[in-house]
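Presented below is the structure to which this report refers.
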Amino acid sequence: MGQTNGNILVLSDEQVAEQLKQLTGGVSLTHRREPYSALEELARRPYAVVLVAEGYPDLPALARAVHRLDPATRVYALCRPAGEAELRSAGAEDLDDYFIFPPSPEELQRIVQQSQEGVYEPVVAAEEAAELPAGEVAELIDSAGSLETLTQRLGELVGRWANCPVQWADAPGQARGGEPLLLLDSDEGPKVLLGREDLEIDPALRARLRALQSLLAPLAAQARRIDALRRLAITDFLTGAYNRRYFYHFGDQLIQRARAEKFRVTLLLYDIDDFKRYNDTYGHAAGDEILVQTAALMRQITREHDIVARIGGDEFAVLFWDAEQPRKPDSNHPQTAAVLAERFVQALDTLEFPSLGPEATGVLTISGGLATYPWDGQSLRDLLRHADRALRRAKRSGKSTIYLVGQADREQEEGTS
């Protein structure tokens, strides 16, 4: 039998796909291993039949996503005899049918025949793919400097085409409650752009969406590369915290914004007490582990928008600020920063460092100083100077302490009076 195009997409591992190729003889199959890749392929061109091997999570949601991309596509599951009961209970009603693997010759003939039926009319034939206006393509290329900007621009563009609100959701598991329009691979996993559930997609819109989908893979890859390079440029190579360069750049901009919008910024400057002793006693690998884990703990304690940076050796800086602007006159922002800093000190008591051994639990302490804009300084350099003064005061007092600038000043005045 000569090779024919069965118009069949197979979602499975390589072994199952190879068995199906042998069983179907001369019928050509398109194989994908990952659900997102299969959905992206379906968005790029229509298929009459999709065969999904058992083992993929949330199979009903996957089947619904396929049907939304093209209602004419038939979705069949392939399961082992032992998995039939589980497949039935997992929502087989979302499938067009299922077959015990390997399918019988009669079942294979049925699948192949349905994939070649003349009644199968894809919503948009391949030759109907639309050409996007050059201006819109140029906009998308310009927006591919980051994945966030690209997804925002895609939403705006498709929202105009469809004349309805659109939103991104996880795919395929949460791609419910809307009409799938686009698929995009992001750092957090595949995303689907949803329109209204009752959205009518006419052939012209479908053709534009297919043309746009064909552009997304290279644009998203470019955006992810640029995002990765940007992260490398602003991130400390060891701890994953922001690096010194980014801290100064962001801090200067933040103070300028705080001056214009009248909100407060608090700087915590801290280092690890007797850090050299850990390096000398346990080795530099253990010292690196301490830096990595304490930086991770600080990021866990702080809020998402606060900035945690390693500015040298075992010295770290944290910028606490409030995302809601402007702050009210009676804000307790410095106290909030102090509470978060003290929470970090307390959390260190239970932090374990495997390379130091179980006896090392709770032995790590830090000393730090807090300074707040606008009271303690009018620039980032001013805050650093005053926070460093408070940090040195904490060291002299016995370490394992965080001081506010005002607190250090008051105690110094009391000591000299």
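Read the figures in this text as sums done on the coordinates, not as results from a lab. All values reported here derive from a predicted model rather than from experimental measurement. So basically every Cβ, Gly included, is an ideal-geometry build from the backbone, and we count neighbours across all protein chains shown.
Remarks
- With contacts taken as Cα pairs under 8 Å at a separation of at least 6 residues, the range 127-232 carries a relative contact order of 34 percent.
- Based on the Kirkwood approach, the hydrodynamic radius assigned to the range 136-256 is 16.1 Å, with every pair of different Cα atoms included.
- Gained length - GLN22 relative to GLN152, 0.36 nm times residue gap less alpha-carbon distance: 42.3 nm
- Ordering LYS191, LYS276 from the fewest to the most neighbouring beta carbons within 10 Å gives LYS276, LYS191.
- Amide hydrogen neighbours beyond the local backbone of ASP322, cut-off 5 Å, H modeled: ARG264
- Hits among aspartates and glutamates - C-alpha to C-alpha of LYS21 under 13 Å, sequence gap 8 or more where chains match: ASP13
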